[in-house]
Amino acid sequence: MVAEVAADERWDLPLRLLAALHYLALSSGVDPWDAPARVLEEHRDWVASFVTEQGVQTNEVQRSWVLLPCFLEVARRAGAVGLDLVELGPSAGLNLVWDRYRYRYANGTWGDAAAPLELAGEERGHVPESLLELPLEVRGRVGVDLNPIDVTSEQGALLLKCFVWADQPQRLERLDRAIEALRRDPPELVRGDVVALLPDVLSWRPDDALTVVFESAVLGYLSDRDRQQVFDVLDQAAADGPLALVRTSQPPDGAHTHYGLWIRLWPAEREVVALSNFHGAWLDWLG
């Protein structure tokens with residue numbers, strides 16, 4: 001049945017197919033889980049179109065919980081109280097508005113107590129209390145993505161939600177609350193290729209504030225050549241004003257079971273400051 005509906009050999013077909021079924025459940029009240037073969041047959045044309053045209057879209061806002069200490073650390077090192085943000089591959093931009101969430105760690109909290117979303121997780125190495133006491137203001141934010149999602153529309157929100165596993169209500173609720181926070185003042189999302197557009201995006205940054213470029217997993221999907229080109233652009237931009245990079249990458253031990261969280265504040269070399277679960281469920285702060 002699946003082969004008849006979606007003659008597609010790409011590795012992520014199961015993700016797109018399940019997302020199509022979840023989209024039907026969210027948008028039309030169809031229950032696809034008891035009899036998926038029947039639902040696929042009844043909605044054959046629509047499902048075939050969805051899995052053919054729609055790429056996988058994820059925007060795990062829990063990652064903001066592991067990214068926040070990294071932002072605080074680069075601000076501390078730079079002596080900055082204001083940041084301009086550039087996210088590579090933001091999808092809908094939910095992690096671009098991380099300063100609108102409330103965060104809870106073993107040594108304290110950070111953010112507005114009245115925020116619509118509070119994030120917490122398992123700490124294996126504690127974030128220092130002194131770091132969580134730092135004030136930080138985001139002055140500007142922009143993201144570059146091949147196919148950004150506009151979650152200010154109901155269709156965009158549904159598209160993002162359908163790629164969350166249907167049996168994970170906590171993630172779906174977290175997504176709803178993050179969308180609420182984003183809709184108050186949506187960030188600028190630029191459609192296009194990161195490698196091609198990054199020079200122009202960075203050329204407009206102000207000279208008097210620290211610019212933090214960040215990503216969560218996106219650079220790992222680029223070719224070695226394109227990834228090096230991104231690093232070259234950043235090296236050149238660092239000559240024009242304060243610049244930092246926060247990124248996820250393979251940890252120093254080479255393990256493939258979790259991320260290393262790396263920071264770089266030019267002219268210093270990059271440094272791993274934490275380890276984390278791929279989706280931000282746990283954090284091991286090394287600083």
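The values are calculated or read from the model by the stated rules, or taken from the named source; none is laboratory data. Owing to the predicted nature of the structure, the values given are computational and were not obtained by experimental measurement. Cβ coordinates were reconstructed from backbone atoms using ideal geometry, including for glycine residues, and neighbour counts include every protein chain displayed.
So that you can scan it fast, the table gives a plain yes or no per residue for (1) modelled with pLDDT under 95; (2) buried (at least 23 other Cβ atoms within 10 Å of the Cβ); (3) assigned by TED's automatic domain parsing to the domain that holds Leu68; (4) in contact with a Ser or Thr (Cβ under 8 Å, 6 or more places away or on another chain):
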site: Gly254; (1), (2), (3), (4): yes, no, yes, no
site: His258; (1), (2), (3), (4): no, no, yes, yes
site: Trp262; (1), (2), (3), (4): no, no, yes, yes
site: Trp266; (1), (2), (3), (4): no, no, yes, no
* Which residues, taken from the range 139-197, are surrounded by fewer than 16 Cβ atoms within 10 Å (Cβ to Cβ), of a type in the set (D, E, K, R) and touching a Gly at 6+ places or on another chain (Cβ under 8 Å)? -> Arg139, Asp150, Glu188
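Output the strands (runs of 3 or more DSSP E) that fall wholly within the range 30-132 and possess 1 or more residues being surrounded by 20 or more Cβ atoms within 10 Å (Cβ to Cβ) and assigned by TED's automatic domain parsing to the domain that holds Glu271, or say none.
Details: elements: 82-88, 102-105, 108-110, 122-125.
Hits in the range 30-132: 82-88, 102-105, 108-110.
Looking at the range 101-153 only, could you name the residues that are among the polar types (S, T, N, Q) and either more than 30 Å from Gly55 (Cβ to Cβ) or in contact (Cβ under 8 Å) with a residue 60 or more places away in the chain (or both)?
Of the range 101-153, the ones among the polar types (S, T, N, Q) are 107, 109, 130, 147, 152-153.
Listed by number, the residues that qualify are Asn107, Thr109, Ser130, Asn147.
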* Asked: Counting just the residues of the range 134-157 that are assigned to a helix (DSSP H, G or I) and over 17 Å from the mean Cα position of the chain (by Cα), which one comes out farthest from Glu118 (Cα to Cα)?
  -> Gln155
* Structure fact -> Selection from the range 177-206 of residues at pLDDT 95 or above and in a loop (DSSP other than H, G, I, E, B) yields Arg184, Asp185, Pro186, Pro187, Gly192, Asp193
* **Residue count for the range 159-216, restricted to those that are in contact with a Lys or Arg (Cβ under 7 Å, 6 or more places away or on another chain) and small (Gly, Ala, Ser)** => 3
* To do: Kindly establish whether Phe214 is in the same structural domain as Val81 (by TED's automatic domain parsing), aromatic (Phe, Trp, Tyr), within 25 Å of Glu118 (Cβ to Cβ) and in contact with a helix residue (DSSP H, G or I) (Cβ under 7 Å, 6 or more places away or on another chain).
  => yes
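Quick check on the range 36-84: of everything there that is β-branched (Val, Ile, Thr) and closer than 26 Å to Thr211 by Cβ, which residue is modelled with the lowest pLDDT?
Here is the first cut: in the range 36-84, the residues β-branched (Val, Ile, Thr) are 39, 47, 51-52, 56, 58, 61, 66, 74, 81.
Pick out the ones that are also closer than 26 Å to Thr211 by Cβ and you get 58, 61, 66, 74, 81.
On the way: Thr58: 84, Val61: 96, Val66: 98, Val74: 98, Val81: 92.
Among residues in the range 36-84 that are β-branched (Val, Ile, Thr) and closer than 26 Å to Thr211 by Cβ, the one modelled with the lowest pLDDT is Thr58.
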